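To start, the structure under review is shown below, and the notes come after it.
The values are calculated or read from the model by the stated rules, or taken from the named source; none is laboratory data. It should be emphasised that the depicted structure is a prediction, and the values quoted were computed from it without experimental measurement. Using ideal geometry, Cβ is built from the backbone for each residue, glycine included, and neighbour counts are taken over all protein chains shown. When the accessible area is computed, the model is the full protein with side chains, heavy atoms only, and any ligands, DNA or RNA have been set aside. Shrake-Rupley method; radii C 1.70, N 1.55, O 1.52, S 1.80 Å.
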Amino acid sequence: MSKLYIVPTPIGNLEDMTFRAISVLKAADYILAEDTRTSGKLLKHFEVNTPMQSHHMHNEHKTVARLIERLKSGETIALISDAGTPAISDPGFLLTRACVENNIEVDCLPGATAFVPALVNSGLPNDKFVFEGFLPVKKGRQTRLMLLAEETRTIIFYESPHKLIKTLGHFCEFFGDDRPVSVSRELTKLYEETIRGTAKEVLQHYTNKPPKGEIVIVVGGKK
């Protein structure tokens, strides 16, 4: 029976790969990978020899129809991204939606994703939260920040290192200098760190020590 498997991969530490994920990748007819060069290293490490095909944000609109036909023909596809769970700020949603619309079974495996450990590490309330992913770069950014300034739940963002200081400055401007913020960087990797404090304090820290690596920002909700 045809099926699309959504397979999380480690965000840093290779020991976070699950036995089931390896088994599914080995059994699939082929693997859709965000970057075949990056995923090739991972698959080689776990001795997975399944053929790969490129599937990323620049081609996924064009390939979905063809992939659906292959699934309907009885093939099993495993989808991975460069790191973490596909479709969480990564390619995967379009194909998953198309499978659901065509009554093709989708099975998402549990596994690594960056925002969960960042949220738990933050010490901020995690019973209710909002995942925002990446803020708009230009158009709509100010409008989004004004709306989120009134959000009472904990808010989670993804950010690149070269935009972190700008984003923290916007948090000070729209949320207030004293809004609690936690920045987790390089999760599960050798130089993992989490910096907590007010928006102003965390901004000052990274102004003095420019960040590197993948970043998750957790912001306390409005009191």
Order 96-108, 3-15, 165-177 from most to least packed using the mean count of other Cβ atoms within 10 Å. 3-15, 165-177, 96-108
Distance in nm between ASP16 and ARG144 label points, each 7 Å along Cα→Cβ, equals 2.3 nm
Using alpha carbons only, how many degrees (0 to 90, rounded to 10) separate the axis of helix 199-208 from the longest principal axis of the chain? 80 degrees
Which of the peptides 27-40, 196-209 is most tightly packed, and how do the rest follow, going by the mean number of other Cβ atoms within 10 Å of each residue? 27-40, 196-209
Under a 1.4 Å probe, what is the accessible area of the chain per residue, stated in Å²? 54 Å²
Ranked packing of 142-155, 125-138, most packed first, by mean Cβ within 10 Å: 142-155, 125-138
Apply the Debye scattering formula to the chain, with a single equal point scatterer on each alpha-carbon and no solvent, then give log10 I(q)/I(0) at q = 0.13 Å⁻¹. -0.81
Distribution of pairwise C-alpha distances over segment 126-179, 10 Å bins, in %: 22, 61, 17, 0
List the pairs from LYS26/LYS189; LYS41/LYS138; LYS44/LYS189; LYS62/LYS138; LYS128/LYS200 whose alpha-carbon separation is above 30 Å, in the order I gave them. LYS41/LYS138
If I fit a long axis through the Cα atoms of helix 164-175 and take the longest principal axis of the Cα atoms of the chain, what angle between them do I get, 0 to 90°, rounded to 10? 60 degrees
How high is the relative contact order of the chain, in percent, counting Cα pairs under 8 Å that sit 6 or more residues apart? 22 percent
Considering only C-alpha atoms, what is the centroid distance from segment 135-183 to segment 79-107, in Å? 27 Å
Give the carbon-plus-sulfur fraction of the accessible surface of the chain in %, rounded to a whole number; probe 1.4 Å, heavy atoms of protein chains only. 53 percent
Antiparallel as a % of all DSSP beta bridges within the chain, to the nearest 5? 45 percent
Between the helical axis of 60-72 and the dominant principal axis of the chain, each derived from Cα atoms, what acute angle in degrees is found, rounded to the nearest 10? 40 degrees
Rounded to the nearest 500, what is the 222 nm mean residue ellipticity of the chain from helices alone, with -39500 (n - 2.57) per DSSP H run of 4+ residues and division by all residues? -10500 deg cm²/dmol
Gyration tensor (alpha-carbon) shape descriptor, segment 115-223, a/c threshold 1.5: rounded
